[in-house]
Amino acid sequence: MSFEEKDHTADILMHIRADEPAGLFADAGHALMKTMYRGHAKPVQEVTVTVTGPSLEHLLHAFLSELLFESEVRNLVFCEFELFINEGEIKAVLRGEPFDPLVHGGGTEVKGISWHGLSIKQEQNELTCDVLFDV
Amino acid sequence: MLNGVIRKGEYEWELPVGFIPGMHVPARFFLSDELIKTLEEGALQQLANVATMPGIVKSSLAMPDIHWGYGFPIGGVAAFEYDSGVISPGGVGFDINCGVRLLTTPLKQSDLAKKKEILDNLYDAVPVGVGTRSSLRLSEKQLEKLMTSGATFAVDEGYGNQDDIIHCEEQGCMKEADPAHVSRKAKTRGVPQCGTLGAGNHFLEIQVIGEIYDEEAAKTYGVEKGQICIMVHCGSRGLGHQVCTDHLQVLENAVSKYNISLPDKQLACAPLTSPEGKAYFGGMAAAANYAWANRQIITHQIRNVLTRMCGIDYDDIRLVYDVAHNVAKIEEHAVDGKMTKVCVHRKGATRAFGPGCPDVPADYANAGQPVIIPGSMGSSSYLLKGTDIAMKRTFGSTCHGAGRVLSRSQAKKRIKGKNIRETLGKAGIIVKAPHDGSIAEEAPDAYKSSSEVVSVVHNLGISRLVARLEPLGVLKG
């Protein structure tokens, strides 16, 4: 996993780095889960989601918004992301376990995925992206 | 950073038209010499950006709790002409109708010998934190009704009394709500969370009135020194967050459809009279109603705990008022000497209508609308009153809180939740939260001084101090 939190006064800004898009999306997913929940989760349940979008940035925004939705309504803490990226579409298998307040409680509530500064860049041999979680 | 900024008075600063290209009106913000040290360049830029939006009238405004937000700065206020203006989720925020309410009790501090047990019981009664769910199970039909009628739905279902409705901004219901513009996803998120506090800066606090500044207004609002009060700060939960997410996508496309030129994608908007603008407004109003119902149901849970544990009557726990601080509303304000129908966006700002204004409850008509300003954890909160000056200068608006100065990550690095809990404990303030980390994030040092922010709005006259409330016990999500 390669993500780090950067300073942002109001919200939570994550800097993500990966070799290729699927890795970048997966790490962004881990960053979101790490913000929302504490502790570790095991991959005991899985959910498959598909999102579409006209650009990689739109796909990332849609993927994270869907991950937030699935986690909240299914009360699942996800820890593994298997991604299949095609042009304009991502199929993602999300794996995790049910939320347990004793294990995962005390995280930060994420209200939404912000478009602020959401731009995927190719830097030398890696992809980088800043993602802002509105909290 | 202040190059090009004109100081207009002790607390008033202006970004003139031309500060950035495309501004239709000037931008104004209100800060003391002390608070201007905390002003972020990004927030200033956002304030100027708002002044470029179609149909904006008079000026783009920011209250003294200004800080960098999404689209609009937090603390931002802007009004757009109804016929030619726009509506933007960036001027409302993800947490639609995040707001605060103040309850009074007949209790004194000497009645709180079992304060810790009361707090424990409140913690059990009001679900707090990420992942918690309400014991309430709303049917689809009930949720539709809740989104249409807001606090009235909750009271009709037995979660309060008629006085509660009278003492909410908009009487706890925006009549423009249209649940048809609330997606299936938003409804799915909303069902299990109605009656929950959430996390982040949301809280439930036991407070005591520490000082009265305006005896007459305090009497009108039914507050007195030494009285135990409860303050609740929360919003529309996942339902409102999803409404924002869903409509942002639609409005992003509307920007090009209606040839709107914007300096920042986060200001995605649509004409108020367009199908996209009307759809967002209807969905946003439905989410606002959800928030009022949510705070009303939490109020019922609080009353149940206090009646059981303190031997007081349910109806003796009185709602002073409930204000929204993330919302867009259709109001009439004087523009160029003429009363004009406008859409006022308040993003981290509180309505502060003066005496005799419409929607100020009849029993408060002479004093003006109560304004409730929560402090950061462990610091003072304030009760103020709306003024005629606010009607003339800020579209009847004032600040909403303290405003952050430290990021959450900085706060967690510098401050340990356990230390804060112990320090506040020594001062007689009990803090209860699912985890010490969430205490550190919301530590008092992470915020501007609420006293300084409130003193600016008081001295400017856009709201006037009535009472100061001191925390005794805090429930944090």
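The values are calculated or read from the model by the stated rules, or taken from the named source; none is laboratory data. Computed from a predicted model, the values in this text were never measured in an experiment. So basically every Cβ, Gly included, is an ideal-geometry build from the backbone, and we count neighbours across all protein chains shown.
Observations
- Region A:2-40, residues that are acidic (Asp, Glu), away from every other protein chain (no Cβ under 14 Å) and loosely packed, with under 15 Cβ neighbours inside 10 Å: A:19, A:20
- Residue under evaluation residue B:134, criteria (1) within 25 Å of residue B:385 (Cβ to Cβ); (2) of a type in the set (Gly, Ala, Ser); (3) part of a loop (DSSP other than H, G, I, E, B), criterion not met: (1)
- When residue B:205 is tested against (1) under 22 Å from residue B:400 (Cα atoms); (2) surrounded by fewer than 20 Cβ atoms within 10 Å (Cβ to Cβ); (3) of a type outside the set (A, V, I, L, M), just one condition goes unmet, and that condition is (2).
- Of all residues in region B:114-128, those being out of contact with any strand residue (DSSP E or B) (no Cβ under 8 Å at 6 or more places or on another chain), within 14 Å of chain A (Cβ to nearest Cβ) and outside any helix (DSSP H, G or I) number 1.
- Selection of region A:78-124 for residues being within 14 Å of chain B (Cβ to nearest Cβ), surrounded by fewer than 17 Cβ atoms within 10 Å (Cβ to Cβ) and among the β-branched types (Val, Ile, Thr) yields only A:103.
- When residues of region A:41-77 are limited to those that are touching a residue at least 40 places away in the same chain (Cβ under 8 Å) and assigned to a loop (DSSP other than H, G, I, E, B), the one nearest to the other protein chains (Cβ to nearest Cβ): A:41
- Within region B:449-462, residues that are more than 21 Å from residue B:377 (Cα to Cα) reach partners that are assigned to a helix (DSSP H, G or I) with beta carbons closer than 6 Å, at six or more positions or on different chains, in the pairs B:461/B:389; B:462/B:389; B:462/B:390.
- Qualifying residue in region B:327-340 (condition: touching a Ser or Thr at 6+ places or on another chain (Cβ under 9 Å) and either under 17 Å from residue B:168 (Cβ atoms) or buried (at least 20 other Cβ atoms within 10 Å of the Cβ) (or both)): yes
- Entry remark, region B:46-82: residues being farther than 12 Å from residue B:23 by Cβ, outside any loop (DSSP other than H, G, I, E, B) and either more than 21 Å from the chain's Cα centre (by Cα) or of a type in the set (Lys, Arg) (or both) number 3 in total.
- Pick from region B:392-412, criterion free of Cβ contacts under 8 Å to residues at least 60 places away in the same chain and either hydrophobic (A, V, I, L, M, F, W, C) or closer than 18 Å to residue B:200 by Cβ (or both), ranking: surrounded by the fewest Cβ atoms within 10 Å (Cβ to Cβ): B:409
- Number of residues in region B:1-13 that are in contact with a strand residue (DSSP E or B) (Cβ under 6 Å, 6 or more places away or on another chain) and free of Cβ contacts under 8 Å to residues at least 24 places away in the same chain: the value is 4.
- Any hit, region B:457-476, residues being over 17 Å from residue B:61 (Cα atoms), within 14 Å of chain A (Cβ to nearest Cβ) and out of contact with any His (no Cβ under 6 Å at 6 or more places or on another chain): yes
- Of all residues making up region B:363-406, the number that are assigned to a loop (DSSP other than H, G, I, E, B) and either among the small types (Gly, Ala, Ser) or within 14 Å of chain A (Cβ to nearest Cβ) (or both): 16
- Residue in region A:99-121 that is free of Cβ contacts under 8 Å to residues at least 12 places away in the same chain and in contact with a helix residue (DSSP H, G or I) (Cβ under 6 Å, 6 or more places away or on another chain) present: no
- Of all the listed residues (B:209, B:166), the sole one being touching a residue at least 40 places away in the same chain (Cβ under 8 Å) and over 21 Å from residue B:326 (Cα atoms) is B:209.
- Test for residue B:110: is it away from chain A (no Cβ under 14 Å) and crowded, with 20+ Cβ neighbours inside 10 Å: no
- Residues of region B:341-356 classified as more than 22 Å from residue B:266 (Cβ to Cβ) and either crowded, with 24+ Cβ neighbours inside 10 Å or under 20 Å from the mean Cα position of the chain (by Cα) (or both), total: 5
For every residue, the table says whether it meets (1) over 18 Å from residue B:395 (Cβ atoms); (2) of a type in the set (Ser, Thr, Tyr).
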| position | (1), (2) |
| --- | --- |
| B:38 | yes, yes |
| B:50 | no, no |
| B:56 | no, no |
| B:66 | no, no |
| B:70 | yes, yes |
| B:75 | no, no |
| B:79 | no, no |
| B:82 | no, yes |
| B:94 | yes, no |
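- Subset tally (residues that are closer than 17 Å to residue B:123 by Cβ and either β-branched (Val, Ile, Thr) or touching an Asp or Glu at 6+ places or on another chain (Cβ under 7 Å) (or both)) for region B:285-306: 5
- Checking each residue in region B:37-52 for being farther than 15 Å from residue B:72 by Cα and surrounded by 17 or more Cβ atoms within 10 Å (Cβ to Cβ) picks out only B:38.
- In region B:407-443, of all residues being among the hydrophobic types (A, V, I, L, M, F, W, C) and not in a helix (DSSP H, G or I), the one that is farthest from the other protein chains (Cβ to nearest Cβ) corresponds to B:427.
- Conditions (1) under 20 Å from residue B:101 (Cβ atoms); (2) part of a loop (DSSP other than H, G, I, E, B); number of the one not met by residue B:355: (1)
- Among (1) within 13 Å of another protein chain (Cβ to nearest Cβ); (2) at pLDDT below 95; (3) at negative phi - the single one residue B:236 does not satisfy: (2)
- Region B:87-134, residues that are of a type in the set (A, V, I, L, M, F, W, C) and more than 26 Å from residue B:245 (Cα to Cα): B:102, B:103, B:107, B:112, B:113, B:118, B:119, B:122, B:125, B:126
- Annotation: of all residues in region B:244-278 being under 20 Å from residue B:179 (Cβ atoms) and within 10 Å of chain A (Cβ to nearest Cβ), the one that is modelled with the lowest pLDDT is B:249.
- Residue check, residue B:143 in a helix (DSSP H, G or I), over 30 Å from residue B:218 (Cα atoms), away from chain A (no Cβ under 13 Å) and touching a residue at least 24 places away in the same chain (Cβ under 8 Å): yes
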